[in-house]
Amino acid sequence: MRDRPLLNRRLDGLGTTIFAEMSALALSTGAINLGQGFPDTDGPESVREAAVRALRDGRGNQYPPGPGVPELRRAIADHQRRFYGLDFDPDTEVLVTAGATEAIAAAMLALLEPGDEVIAFEPFYDSYAACIAMAGAVRVPLTLRAPDFRPDLAALRAAVTPRTRLLLLNSPHNPTGMVLTRDELAAIAELAVERDLIVVTDEVYEHLVFDGGEHIPLISLPGMRDRTVSISSAGKTFSFTGWKVGWVTGPRELVAAVRTTKQFLTYVASGPFQYAVAEALALPDTYYADFAADLRAKRDLLAAGLRDAGFRTYEPQGTYFITTDITELAPGTDALTFCRALPERCGVVAVPNSVFYDHSTAGRTQVRFAFCKRPEVLTDAADRLRKAFNG
Ligand code: PMP
Ligand code: GLN
């Protein structure tokens, strides 16, 4: 038994996620946690009450239907029509998952075979590397570079080989905050059609785009309706990251493939919460607009504080996160060393972007801070950082 590692070698080196490591550090040191991306204020009271009602009324306390409760599948289809003019059949083209995390895992396990290549932007959300590895596939990173983190479309084209099976895209992008433009999406769509690629899009920050920007689902572009698996989640949009309600929308055949693997991962999850999220999705436009405006103000507050403390900040167009560079602040220090020492040094937790890159240097000095926290918490964190680094 001991003549080989206990952990499946495909997962070699993946260890404990950086979010778990840094949140544990926040707990043990009592530091302010601007590492893992979760809000410190729960979502709307009416949505919480909807969950309580579902629990009390016995809706979802036993296994919900495998694809998700009909109320939620209909609400997801309505949401796609309302915000993007996209039509999906709630019975065959919508699948409810245990967060976007399960949707990503199920999509990779369903659509990949050993040796297939998957092109993904790096820095990538950490579960991408793990899920591609679990499928026995090979990740091919396309490096997004500071300061603007725009994808190099020529490099993307050059990265496609006969073994490329799919593109795994994330916009708005965690951790950089980059949001793909219509022109970039059009170029990606053209390439996908030309090379007959499947595209999986992680859109969990779809409602967190700032400064008049727009989230455009890739599936809405010509040629993409039949080859795109769109993934999103209630966690970010409604500030209930613990509920783990996510979903997949796409063409019937792709959704069926993802459903096949999903049923053997969790089978189903989050019964009563599914009913509550169905109500949340129907909240009025003002909810969505106010939520984005609130996050934008928090972005600006934390960005100003980080600059005062001496960090170089890269302004995010969306998401919960600001990526910074520490080169001037801590010459010679890499992001991981910096983040491991930060809680002891000044009582703040952040996340090193370097762990989200395969590239050995591109993210070496990048540190990510989450701004989905109450203003007084952001101000306190910024004060601590300023005192530690800028007198
Ligand atoms: N994708 C990205 C880019 C994320 O940042 C996250 C984490 N919030 C997820 C997927 C996972 O979402 P969920 O919590 O719904 O599983
Ligand atoms: N998506 C969150 C982040 O990027 C973390 C989720 C997790 O811990 N898996 O911070």
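At a glance:
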| quantity | calculated |
| --- | --- |
| Residue selected from the range 156-190 under the condition small (Gly, Ala, Ser) and surrounded by fewer than 20 Cβ atoms within 10 Å (Cβ to Cβ), by the criterion farthest from residue 122 (Cα to Cα) | 186 |
| The listed residue being among the basic types (Lys, Arg) and within 15 Å of residue 34 (Cβ to Cβ), out of 312, 299 | 299 |
| Set 193, 200, 229: member being more than 16 Å from ligand 2 (Cβ to nearest atom) and free of Cβ contacts under 8 Å to residues at least 40 places away in the same chain | 193 |
| The range 67-78: number of residues that are assigned to a helix (DSSP H, G or I) and either within 16 Å of ligand 2 (Cβ to nearest atom) or in contact with a strand residue (DSSP E or B) (Cβ under 9 Å, 6 or more places away or on another chain) (or both) | 5 |
| Of the criteria (1) part of a helix (DSSP H, G or I); (2) without any contact (Cβ under 8 Å) to a residue 40 or more places away in the chain; (3) closer than 23 Å to residue 258 by Cα, which one residue 105 fails | (2) |
| Residue selected from the range 138-168 under the condition part of a loop (DSSP other than H, G, I, E, B) and among the charged types (D, E, K, R), by the criterion farthest from residue 184 (Cα to Cα) | 163 |
| Among the candidates 236, 298, 244, residue that is within 16 Å of ligand 2 (Cβ to nearest atom) and touching a strand residue (DSSP E or B) at 6+ places or on another chain (Cβ under 6 Å) | 244 |
| Hey, residue 43 closer than 23 Å to residue 268 by Cβ, in a loop (DSSP other than H, G, I, E, B) and under 22 Å from the mean Cα position of the chain (by Cα) or not | yes |
| Positions within the range 218-240 being among the hydrophobic types (A, V, I, L, M, F, W, C) and closer than 10 Å to residue 203 by Cβ, in sequence order | 218, 219, 231 |
| Residue match in the range 170-178 (condition: over 18 Å from the mean Cα position of the chain (by Cα) and closer than 30 Å to residue 269 by Cα) | no |
| Residue list for the range 332-350, filter: among the small types (Gly, Ala, Ser) and in contact (Cβ under 8 Å) with a residue 24 or more places away in the chain | 335, 347, 350 |
| Which listed residue is outside any strand (DSSP E or B), touching a Pro at 6+ places or on another chain (Cβ under 7 Å), over 28 Å from residue 368 (Cβ atoms) and of a type in the set (S, T, N, Q), from 274, 263 | 274 |
| Single residue of the range 304-331 satisfying the filter (without any contact (Cβ under 8 Å) to a residue 40 or more places away in the chain and outside any loop (DSSP other than H, G, I, E, B)) that is farthest from residue 373 (Cα to Cα) | 312 |
| Selection within the range 207-234 - of a type outside the set (S, T, N, Q), in contact with a Gly (Cβ under 6 Å, 6 or more places away or on another chain) and crowded, with 24+ Cβ neighbours inside 10 Å | 208, 229 |
| Within the range 166-175, tally of residues that are over 16 Å from residue 214 (Cα atoms) and more than 12 Å from ligand 2 (Cβ to nearest atom) | 4 |
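Here's the yes/no breakdown for (1) farther than 21 Å from residue 197 by Cα; (2) modelled with pLDDT of 95 or more; (3) part of a helix (DSSP H, G or I):
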residue	(1), (2), (3)
80	yes, yes, yes
83	yes, yes, yes
97	yes, yes, no
109	no, yes, yes
113	no, yes, no
119	no, yes, no
133	no, yes, yes
136	no, yes, no
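Residues are listed down the side, and each one gets a yes or a no for (1) closer than 17 Å to residue 47 by Cβ; (2) in contact with a Gly (Cβ under 6 Å, 6 or more places away or on another chain):
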{"residue": "245", "(1), (2)": "yes, no"}
{"residue": "251", "(1), (2)": "no, no"}
{"residue": "261", "(1), (2)": "no, no"}
{"residue": "270", "(1), (2)": "yes, no"}
{"residue": "283", "(1), (2)": "yes, no"}
{"residue": "290", "(1), (2)": "yes, no"}
{"residue": "317", "(1), (2)": "no, yes"}
{"residue": "322", "(1), (2)": "no, no"}
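The values are calculated or read from the model by the stated rules, or taken from the named source; none is laboratory data. As the structure is a computational prediction, the values presented were derived from the model and not from experiment. Here Cβ is always computed from backbone atoms with ideal geometry, including for glycine, and neighbour counts include all displayed protein chains.
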